[in-house]
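Here the structure is laid out as structure tokens; the discussion comes afterwards.
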Amino acid sequence: MTTDLGMPELPPKTPERRPTRRIHVGDVPVGGGAPVSVQTMTTTLTADVDATLRQIAEVTAAGCDIVRVAVPSQDDADALPAIAKKSPIPVVADIHFQPRYVFAAIDAGCAAVRVNPGNIKRFDDRVADIAKAASAAGVPIRIGVNAGSLDPRLLAKHGAATPQALAESALWECSLFEEHGFRDLKIAVKHNDPMTMVAANRILAKACDYPLHLGVTEAGPAFQGSIKSAVAFGILLAEGIGDTIRVSLSAPPVEQVKAGIHILQSLGLRPRKLEIVSCPGCGRLQVDIHRLAAQVEAAFDGFPHPLRVAVMGCVVNGPGEAREADLGVSCGNGKGQIFRQGRVLRTVPESRIVEALLDEALKLAETTDDAGPTSVGGPNAGDTP
């Protein structure tokens with residue numbers, strides 16, 4: 001009897017997405033079966049137009065779909081027309097405290113406006129005017145509810161920023177807009193505890209059909225925040241809940257974008273680009289696997305084709321464990337066996353491993369260009385649920 005060592009079957013697809021209304025943030029569709037989009041927020045002073053546009057260009061290059069800018073002052077509001085006009089991706093104005101900036105953002109040509117009703121003065125009294133202005137301009141409104149700025153009335157009712165309180169606040173504000181016939185809405189309820197955020201979004205998913213923006217607010221530094229966000233997003237997205245995401249890290253916006261993209265790729269919700277498959281290390285190692293994996297990742301950064309590269313520390317499990325990879329290396333005795341889809345091609349000195357992998361990747365890319373885009377990237381590279 002022979003053992004089949006061929007490619008494994010494709011992993012199961014992500015569950016069917018929750019049906020929602022579709023809105024358009026500029027030219028980016030959100031909800032209604034549209035791909036899950038990645039957002040971030042600039043950290044520059046919005047009034048500094050040049051600095052803000054430079055940062056927007058950086059996050060756009062990293063794969064960001066939608067960017068949000070803070071508008072805490074009149075100088076920031078005055079900068080919005082130039083930013084909205086010159087930005088390569090849709091700009092969302094983030095409004096707190098002063099309702100007049102909502103109208104300034106709409107007039108400036110922003111693609112959407114994010115409002116936090118919990119800390120905007122007499123917000124409920126201005127809903128009719130906001131709905132009228134937003135409807136006339138075709139600008140959607142994002143209802144943002146954060147645990148740290150929950151309406152005092154709901155804090156008193158529930159005793160804390162519970163999932164029920166967060167969801168109730170968002171639904172109440174949506175109902176005010178609905179009274180004026182405005183339903184071009186998106187909801188975001190955020191908490192620094194992933195499971196509270198998950199529970200709140202589950203309530204919303206059952207109670208309405210508005211698209212949902214997922215975020216764990218104040219998630220923390222890059223390592224901790226990425227894990228908390230991945231846990232919360234993974235749970236909800238695997239249940240079909242969530243239409244756009246932001247990974248809120250104490251890290252540059254580009255890193256937030258990269259983390260969000262990797263989360264979506266891991267769930268099969270965005271086509272994979274570069275994926276490094278590497279072993280954690282053990283006593284059999286005869287190479288610094290952590291350094292080698294980092295070198296390979298840096299060398300392939302920006303590679304134009306989807307690619308899965310395996311970096312294995314020894315010859316014991318290398319090709320076997322990484323046979324799904326497009327190409328890779330198994331290391332030992334100062335050398336590396338270069339393989340493609342589990343088949344060893346050649347052996348090179350350790351100093352030439354990265355060079356050899358790049359050489360094989362270019363050859364593989366040429367084959368891809370001739371045969372079509374599905375021949376690179378492993379078994380799930382181009383799948384979109």
Over 28 Å between Cα atoms, which of K228/K273; K86/K363; K86/K228; K132/K157 qualify? K86/K363; K86/K228; K132/K157
Work from the charge dipole of the chain (Cβ charges, +1 for Lys and Arg, -1 for Asp and Glu, about the Cα centre) and give the residue of A147, I56, A112 farthest towards its positive end. A147
Give me the aspartates and glutamates in straight-line cross-link reach of K186: C-alpha distance below 14 Å, same-chain residues under 8 apart excluded. D94, E173, E178, D209, D243
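With a cap of 14 neighbouring Cβ atoms within 10 Å, and only residues DSSP puts in a loop, list the trypsin sites (Lys or Arg not before Pro) found in region 274-353.
On the way: sites: R284, R291, R308, R323, K335, R340, R343, R346, R352; in loops: R284, R323.
Filter output for region 274-353: R284.
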Taking each pair of distinct Cα atoms in the chain once, what is the resulting Kirkwood hydrodynamic radius in Å? 22.7 Å
Using only the alpha-carbon atoms of region 274-367 as identical scatterers, what base-10 log of I(q)/I(0) does the Debye formula give at q = 0.12, 0.18 Å⁻¹? -0.29, -0.69
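For every helix of n ≥ 4 consecutive DSSP H residues, a contribution of -39,500 (n - 2.57) applies; sum these over the chain, divide by its total residues, and give [θ] at 222 nm rounded to the nearest 500 deg cm²/dmol.
Working: 12 runs with 152 residues, N = 385.
Helices in the chain give a 222 nm mean residue ellipticity of -12500 deg cm²/dmol.
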What is the distance, in nm, between label points placed 7 Å from the Cα along the Cα-to-Cβ direction at V344 and at D107? 7.3 nm
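Laboratory data are not the source of any read-out in this text; all were calculated from the coordinates shown. Just so it is clear, the structure is predicted and the values come from calculations on it, not from any experiment. Reconstructed Cβ throughout: ideal geometry from the backbone, glycine too, with neighbour counts over all protein chains shown.
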